[in-house]
Every structure is written in C-alpha cells, then in structure tokens.
1. Give a quick list of chymotrypsin sites (Phe, Trp or Tyr not before Pro) in region 17-73 that DSSP marks as loop, anything other than H, G, I, E or B, with at most 16 other Cβ atoms within 10 Å.
2. Contour minus end-to-end for ALA80 and LYS114, with contour as 0.36 nm per residue of separation and end-to-end as the Cα-Cα distance?
3. Around GLY98, with a cut-off of 15 angstrom between Cβ atoms, what is the net charge of the other residues, counting Lys and Arg +1 and Asp and Glu -1?
4. With every protein chain kept in place and ligands, DNA and RNA left out, what is the accessible area per residue of the chain? Probe 1.4 Å, answer in Å².
5. Quick one: if you stick a label point 7 Å off each Cα along the C-beta vector at ILE92 and GLU68, how many nm between them?
6. Mind sorting out which of (i) 44, 30, 27; (ii) 86, 33, 30; (iii) 32, 31, 22 is the real Cα extents along the principal axes in Å computed from the coordinates?
7. What does the net charge come to around PHE49 if you take all other residues with beta carbon closer than 12 Å to its beta carbon, with K and R at +1 and D and E at -1?
8. If you count the DSSP beta bridges with both ends in the chain, what percent of them are antiparallel, to the nearest 5?
Amino acid sequence: MAEEGIAIACHSIDEWTRQLEQANESKKLVVIDFTASWCGPCRAIAPAFADFAKKFPGVLFLKVDVDELNSVAQDWAVEAMPTFVFVKEGTILHRIVGAQKEELQKKIEEFASK
C-alpha cells in the first residue's frame, strides 16, 4: 500500500491503476491532484497539497501530471488545472477546479471523517 504522509506522483498507467485499486480496497479517501508542470496555480498550491498529505495520514494523496498521463486526465474529464477529485471506494464524491486551498482543506476534512 502507498506510504502515508506523502503525496504520491503516478508516472505510469500501471502505477495509477495499482494505487487506485489499493485505495478502493482499503476504503480510504483518495484526493487526486491533476496538475501540469507549466501551470502556475498548480505550482502555487503544490506545497499545501504536500502539507495536507502529512496532516491527513489516513487519506491517500495522488498527483497526476496531465501531460504525462493524458489518457487518465481524459478518462476523468479533466479540462483545467489544477483539478482535485475526491474518491472513496471507486465513487467520485466531489471535484474542485482551481487552486482553492481553503476549499480543498474543508473538503478533505469533511470526506475524511465519513
């Protein structure tokens, strides 16, 4: 299973699939950050996303570079970066588009407690 307390960057379809399947089986909340290296707001919120991974060790934090795993971004209907998707047991609970730190923290707290 994924290491707790860190945001895990998925660099291959296999890695992405494995992380998601393990999270679904564990019934953990998953927060996915769809990001891009050229995206200024993505870079700005990255430290907060990493801090949330430390603050909420029972939640799995995944990062997907949309240029690196374009098919994953398409499958998840990501049209703008950053997009944060909240998933639990294979069900999408919520999505946030944009670097909204306070909203991101609020939703992590809300869904992690369920």
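1. TRP38
2. Working: separation 34, 0.36 × 34 = 12.24 nm, distance 2.78 nm.
Contour length minus Cα-Cα distance gives 9.5 nm.
3. Numbers: positive: ARG43, ARG95, LYS101, LYS106, LYS107; negative: ASP33, GLU79, GLU102, GLU103.
Once positives and negatives cancel, what remains is +1.
4. 51
5. That separation, rounded to one decimal, is 2.2 nm.
6. (iii)
7. Numbers: positive: ARG43, LYS54, LYS55, LYS63, LYS101; negative: ASP33, ASP51.
Its environment carries a net charge of +3.
8. Restricted to the chain, the bridges split so that about 55 percent are antiparallel.
The values are calculated or read from the model by the stated rules, or taken from the named source; none is laboratory data. Computed from a prediction, not measured in an experiment: that's the story for all the values here. Heads up, the Cβs are rebuilt from the backbone with ideal geometry, glycines too, and the neighbour counts pull from every protein chain shown. Side chains included, ligands, DNA and RNA excluded: accessible areas come from the protein's heavy atoms. Shrake-Rupley method; radii C 1.70, N 1.55, O 1.52, S 1.80 Å.
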